[in-house]
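Each remark here refers to the structure printed beneath this line.
The values are calculated or read from the model by the stated rules, or taken from the named source; none is laboratory data. Just so it is clear, the structure is predicted and the values come from calculations on it, not from any experiment. Here the Cβ positions follow ideal geometry from the backbone for every residue, glycine too, while neighbour counts run over all protein chains shown. All accessible areas refer to the heavy atoms of the entire protein, side chains included, with ligands and DNA or RNA removed. Shrake-Rupley method; radii C 1.70, N 1.55, O 1.52, S 1.80 Å.
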Amino acid sequence: MAEQLLIASVFASVVGIILIYAFFLTKSVRKVHPAGAGNNYGKPSSVTTKTVSVTGECKSEDDADVIIVGAGVAGAALAHTLGKDGRTVLVIERDLTEPDRIVGELLQPGGYLKLIELGLEDCVEHIDAQRVFGYALFKYGRHTQISYPLENLHADVAGRSFHNGRFIQRMREKASLLPNVKLEQGTVSSLLEDNGTIKGVMYKTKTGELVKAYAPLSIVCDGCFSNLRSSLCKSQVDVPSCFVGLILENCQLPYENHGHVVLADPSPILFYRISSTEIRCLVDVPGQKVPSLSNGDMSKYLKSFVAPQIPLELQEAFVAAVDKGNMRTMPNRSMTAAPHPTPGALLMGDAFNMRHPLTGGGMTVALSDIVVLRNLLKPLHDLHDSLTLCKYLESFYTLRKPVASTINTLAGALYKVFSASPDEARQEMREACFDYLSLGGVFSNGPICLLSGLNPQPSSLVVHFFAVAIYGVGRLLIPFPSPKRLWIGARLISGASGIIYPIIKAEGVRQMFFPATVPAYYRAPPTR
């Protein structure tokens, strides 16, 4: 009976998705403008803030082929990639000492494959990085294990978890070894603009000197707190929750070499090993405010409300970490990619696109974007034709969409499904998701391939998401449907649609599912 129900669920999902695609495609086609229309190429209005005019200034030679603002994961990896391709690169980073963050510590297998493609796989060596082979889910005393399908891949391919700062320092060191890459400590205050084209950046060195640096292409990778973002994109940042970060020491995870997700109340709790002796714990707190650290409210909340919900094996170490007091908080930001194509400039990394960090997909998206950009820039020997280059690089925004949007959508949808809710339909959706993943086989392999970045296909995401919803409805109707259960089932489908459709709409239905229909997809590189 269960197998028949699942087959019927998947079949119904596929039929529904075809109808949904047709509906959204017709809506998106009505809004299509001619290629380049509305971009205001060459007009000053395309850059309205955080820019300094350099009209009338002349400079005989650029400081570099490319200026990169920021040397985090995206900036450092990009600097090495472009430098290896023969570009002269100037990287300006506010602080070149080792970063200390509580996120950016889990690299999915799909991201590791991109790291190999960029020649940076050795950056996870000698930093006590831990191999990750899958996830374990916990829900009110029940648990299930889901492994990455790595059988057909090289033995070294797996996820990696580590201290974020150690990973970044390794990439910075590798980039700085290239003779044509220069890393400089400084704070970029503005972009230099001339008649709508970005010519470079103005920054303050660590000695306080104001310097202008020029290049035909400036790439902004200054992270989630970017002060240059508003100049280059439609900046609408959402903060659905905050993470409270702790480190558990000298204890064992129930499933070693796996990430652990506890479906707690009110929202998920994460555990994963970041060194041979340390386990990172991230407690998600919905909203933008967390209990106060200074007056003890946070300690009380974690020990009295959170600790009883985590696996027994970790409770003692968790309480000890709380008592130690080394707790840190960080807002979880999400922002869809909505660029203003601007001659001479490009946004990348968290400055450009963010998603809830629940699924650990941020670094995978950034590294995938770098591969796309590298391939686009490779045939170009001259970057000085800024207007033509800008028009050509519009294809970057289309080519990145299937991978980036799949990971973004999954992160946003899973966070909402995994969070507790007083609504019965949402509770059933959460329960159905846990049970669906517990079935194993194709029912867990498909979602874990999406989460890990090994097979980020938007169509597969939608199929599995609605298969979970229909599976949940089937659970309600077997063995005997009642009017109440029928009503909850109808609200479950409606609620599932209300979760995923807004995220897909924000990402762009046409670019996400039908990128080949976007004119920029076929745009050829400029010739000289």
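Each label point was placed 7 Å from the Cα along the Cα-to-Cβ direction; for Glu278 and Lys204 their separation is 3.1 nm. Here's the picture: a label point sits 7 Å out from the Cα of Ser438 along the beta-carbon direction, and within region 244-279 the residues with their amide nitrogen under 13 Å of it are 263.
A protection proxy built from the mean count of other Cβ atoms within 10 Å ranks the segments 375-387, 124-136, 78-90, 402-414, most packed first, as 402-414, 78-90, 124-136, 375-387.
Placing +1 on the Cβ of every Lys and Arg and -1 on the Cβ of every Asp and Glu, with no other charges, gives the chain a dipole of roughly 1440 debye about its Cα centre.
Treating the angle as unsigned and between 0 and 90°, give the value, to the nearest 10°, between the Cα long axis of helix 164-176 and the longest Cα principal axis of the chain. With rounding to tens, the tilt is 30 degrees. Measuring r between the beta carbons of His126 and Glu424 and using R0 = 51 Å, the FRET efficiency lands at 0.50. Evaluated with a Cβ-only charge set (Lys, Arg +1; Asp, Glu -1), region 267-375 carries a dipole of roughly 160 debye about its Cα centre, given to the nearest 20.
Calculated accessible area for the chain comes out at 42 Å² per residue, all protein chains present (probe 1.4 Å; ligands, DNA, RNA ignored).
Short-range pairs are left out: with C-alpha atoms under 8 Å and at least six residues apart, the relative contact order of region 316-442 is 23 percent.
Which net charge results when you count Lys and Arg as +1 and Asp and Glu as -1 among the other residues whose beta-carbon is under 12 Å from that of Glu121? Once all neighbours under 12 Å are counted, the net charge is 0.
On full extension, the segment bounded by Ser190 and Glu249 gains 17.0 nm, given 0.36 nm per residue less the C-alpha separation.
Selection among Ser395, Leu113, Asn250 by position relative to the dipole of the chain gives Ser395 as farthest towards the positive end (Cβ unit charges, Cα centre).
Using 0.36 nm times the number of residues separating Lys234 and Gln315, minus their current alpha carbon distance, what extension gain do you get? Separation in residues times 0.36 nm, less the Cα-Cα distance, equals 24.8 nm.
With everything on Cα atoms, drop me the angle between helix 458-477 and the longest principal axis of the chain, reported from 0 to 90° to the nearest 10. The helix 458-477 is inclined about 20 degrees to the chain.
Rounded to 0.05, the FRET efficiency of the Thr388 and Arg142 pair, given R0 = 56 Å and the Cβ-Cβ distance, is 0.45. Extending 7 Å from the Cα toward the beta-carbon at both Tyr522 and Arg101 defines two label points whose distance is 3.9 nm. Going by alpha carbons, how many degrees (0 to 90, nearest 10) lie between the helix axis of 424-438 and the longest principal axis of the chain? Relative to the chain, helix 424-438 is tipped by roughly 80 degrees. Each of Asn295 and Asn375 was given a label point 7 Å from its Cα along the Cα-to-Cβ line. The distance between the two points is 5.5 nm.
The mean sequence separation of alpha-carbon pairs under 8 Å and at least six residues apart, normalised by the residue count of region 64-136, gives a relative contact order of 28 percent. Which distance in Å, rounded to a whole number, links the C-alpha centroids of region 289-320 and region 163-207? Each part's Cα centre sits 39 Å from the other's. Reported to the nearest whole Å, the Cα centre-to-centre distance from region 250-272 to region 69-143 is 21. Beyond 27 Å in Cα-Cα separation lie the following of the pairs Lys182/Lys212; Lys182/Lys401; Lys206/Lys234; Lys174/Lys206; Lys84/Lys505; Lys114/Lys212: Lys182/Lys401; Lys206/Lys234; Lys84/Lys505; Lys114/Lys212.
Annotation: the antiparallel percentage among DSSP beta bridges lying fully within the chain is about 70.
When the Cα convex hull of the chain is projected onto planes of every orientation, the mean area is 25.8 nm². Contact order, relative form, for the chain: 19 percent (alpha carbon pairs under 8 Å, 6 or more residues apart, mean separation divided by residue count). Heavy atoms only, probe 1.4 Å: what % of the accessible area of region 190-323 goes to carbon and sulfur, would you let me know? Heavy-atom surface of region 190-323 belonging to carbon and sulfur, 1.4 Å probe: 49 percent.
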